[in-house]
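Working notes, beginning with the structure itself.
The values are calculated or read from the model by the stated rules, or taken from the named source; none is laboratory data. Here the structure is a predicted model, which means the values were calculated and not measured. Cβ coordinates were reconstructed from backbone atoms using ideal geometry, including for glycine residues, and neighbour counts include every protein chain displayed. Areas reflect the complete protein model, heavy atoms only, side chains present, ligands, DNA and RNA absent. Shrake-Rupley method; radii C 1.70, N 1.55, O 1.52, S 1.80 Å.
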Amino acid sequence: MIAVWIIAILIVILAVMGFMRLYPPFGRKPAGQKSAAIVRSRQFTGKKFENPVPPNMNMNVGEMVKVMREMASPSIRPSRPLEMDRPALESTDASELKLTWFGHSAAMLHIEGKTLLLDPMFGRTPSPFPWFGKPRYSGTLPFDIHELPRVDAVILSHDHYDHLDYGTIKRIQHKVGKFIVPLGVGSHLRRWGVSEDRIEDHDWWEETSYAGLELACTPANHFSGRSLTDRGATLWCSWVIKGASHAVFFSGDSGYTPHFKQIGEKYGPFDLTLMECGQYDRRWADIHMLPEETVQAHEDVRGDVLVPIHWGAFTLSVHSWTEPVERAFAAAARKGIRIVTPRIGQTLSLQALRELKPVWWKAGT
């Protein structure tokens, strides 16, 4: 009888391993010709990527159950779908910097006449099984994906499901000139059909030029992984994006560490920062900034206009959906920092962002 149970357990384990290997949304661990660059990375320990100071991300089972119960509270989500604006997807003025935020960390930049997509998660829910789970707060996107114009580059910060979505990549890849990603993330894209010549993998502090823009892959304090067996298999990062007249900083996901000041000293100032502000908790503050730290990080990198991201779409923590920006606005007011929250889908020039007043997420506004 014991032998039968052992065989049954082995069959289940093999079935799970086979499913994880064959199911496309899980992606693929880096291998082959990119491994040399990974091994050379100072962030790679020989088995996986790690932060310079390992973050505390450990919670016992009881704490995890408590968090899941708190996340199920209806008060965390908006009471009705969020209203959206119709985005201007085509760039009409090469001299302007324009931003369109799609909720969470997904955004479109028009800079120096080029169109960039940042962490374009356009799926229903951040999961390998998108038919499960509650949908994004807006219900849908403010546009149809087939309406996207040609995209010069997709820039990815890391491979978590709320930033890298299999369904999105499959639907937009034929429109994209280049995918610019941290080390190892290109392995997922190759599995999903993106050709090798359209993928650039970069380590921290590496610089690259593309389509007249200067980019730098810069540090973040986070982690990676899409399955039970690949934590740390790929790198995570933030990005510096510079044209001839404008500079943008995209934080990706990160805890607050001195790396922001290092980035500001090397690459600042920035006209615009897209800075993580949401899905935080003191239990995992090493990998997701608290809102007050978001404002400090913006100051550290020497930013002008702060646009909070990583909020307004999904429930991935236990705070209410407006708490991140409420706290960030309060912290910014104390420091005299310009912070703005464009509506989902709203396309605004840098000047319009500087003048933006409405706070649409406040009750009665």
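Can you name the number of the only condition in (1) in a strand (DSSP E or B); (2) more than 19 Å from residue 174 (Cβ to Cβ); (3) of a type outside the set (Ser, Thr, Tyr) that residue 124 fails?
Every listed condition holds for residue 124 apart from (1).
I'd like the residue in region 170-179 that is outside any helix (DSSP H, G or I), free of Cβ contacts under 8 Å to residues at least 40 places away in the same chain and not aromatic (Phe, Trp, Tyr) and, out of all such residues, is most open to solvent (accessible area, probe 1.4 Å).
Checking each candidate, the answer is 178.
Within region 266-279, can one find any residue that is in contact with a helix residue (DSSP H, G or I) (Cβ under 7 Å, 6 or more places away or on another chain), assigned to a loop (DSSP other than H, G, I, E, B) and under 29 Å from residue 320 (Cβ atoms)? Steps first, answer last, please.
To start, the set of residues in region 266-279 that are in contact with a helix residue (DSSP H, G or I) (Cβ under 7 Å, 6 or more places away or on another chain) comprises 271-273, 275-278.
If we keep only those that are assigned to a loop (DSSP other than H, G, I, E, B) too, we end up with 277-278.
Retained after the next criterion (residues that are under 29 Å from residue 320 (Cβ atoms)): 277-278.
Yes, there is a match, as at least one residue in region 266-279 is in contact with a helix residue (DSSP H, G or I) (Cβ under 7 Å, 6 or more places away or on another chain), assigned to a loop (DSSP other than H, G, I, E, B) and under 29 Å from residue 320 (Cβ atoms).
Can you name the strands (runs of 3 or more DSSP E) wholly within region 184-249 that have at least 3 residues being open to solvent by 10 Å² or more (accessible area, probe 1.4 Å)? It would help to see each step written out before you state the result.
Numbers: elements: 199-202, 206-210, 213-218, 238-242.
Filter on region 184-249 gives 199-202, 206-210.
In the set 300, 271, 304, which member is in contact with a strand residue (DSSP E or B) (Cβ under 6 Å, 6 or more places away or on another chain), buried (at least 18 other Cβ atoms within 10 Å of the Cβ) and closer than 22 Å to residue 334 by Cα?
271
Looking only at region 99-116, which residues are at pLDDT 95 or above and farther than 18 Å from residue 275 by Cβ?
Correct list: 110, 114, 115.
Suppose the filter is open to solvent by less than 10 Å² (accessible area, probe 1.4 Å), within 18 Å of residue 203 (Cβ to Cβ) and outside any strand (DSSP E or B); does residue 257 pass it?
Answer is no for this residue.
Considering only residues that are open to solvent by 50 Å² or more (accessible area, probe 1.4 Å) and out of contact with any strand residue (DSSP E or B) (no Cβ under 7 Å at 6 or more places or on another chain), look in region 112-129 and name the one that is farthest from residue 81 (Cα to Cα). Give the derivation first.
Of all residues in region 112-129, those open to solvent by 50 Å² or more (accessible area, probe 1.4 Å) come to 114, 124, 129.
Still in the list and also out of contact with any strand residue (DSSP E or B) (no Cβ under 7 Å at 6 or more places or on another chain): 124, 129.
Numbers: 124: 13, 129: 22 Å.
The qualifying residue farthest from residue 81 (Cα to Cα) is 129.
Which one is nearest to residue 86 (Cα to Cα), of the residues in region 332-350 that are surrounded by fewer than 21 Cβ atoms within 10 Å (Cβ to Cβ) and without any contact (Cβ under 8 Å) to a residue 60 or more places away in the chain?
It comes out as 338.
Being within 19 Å of residue 77 (Cα to Cα) and surrounded by fewer than 22 Cβ atoms within 10 Å (Cβ to Cβ) is the requirement here; does residue 323 meet it?
yes
When region 78-111 is examined, which residues are found to be outside any strand (DSSP E or B), surrounded by 15 or more Cβ atoms within 10 Å (Cβ to Cβ) and touching a Ser or Thr at 6+ places or on another chain (Cβ under 8 Å)?
82, 84, 85, 87, 88, 89, 91, 96, 97, 103, 105
Please count how many residues of region 133-152 are in contact (Cβ under 8 Å) with a residue 40 or more places away in the chain, under 19 Å from residue 111 (Cα atoms) and more than 20 Å from the chain's Cα centre (by Cα).
1
Only one of these is under 28 Å from residue 316 (Cα atoms) and assigned to a loop (DSSP other than H, G, I, E, B): 167, 133. Name it.
Criteria check complete, one pass: 133.
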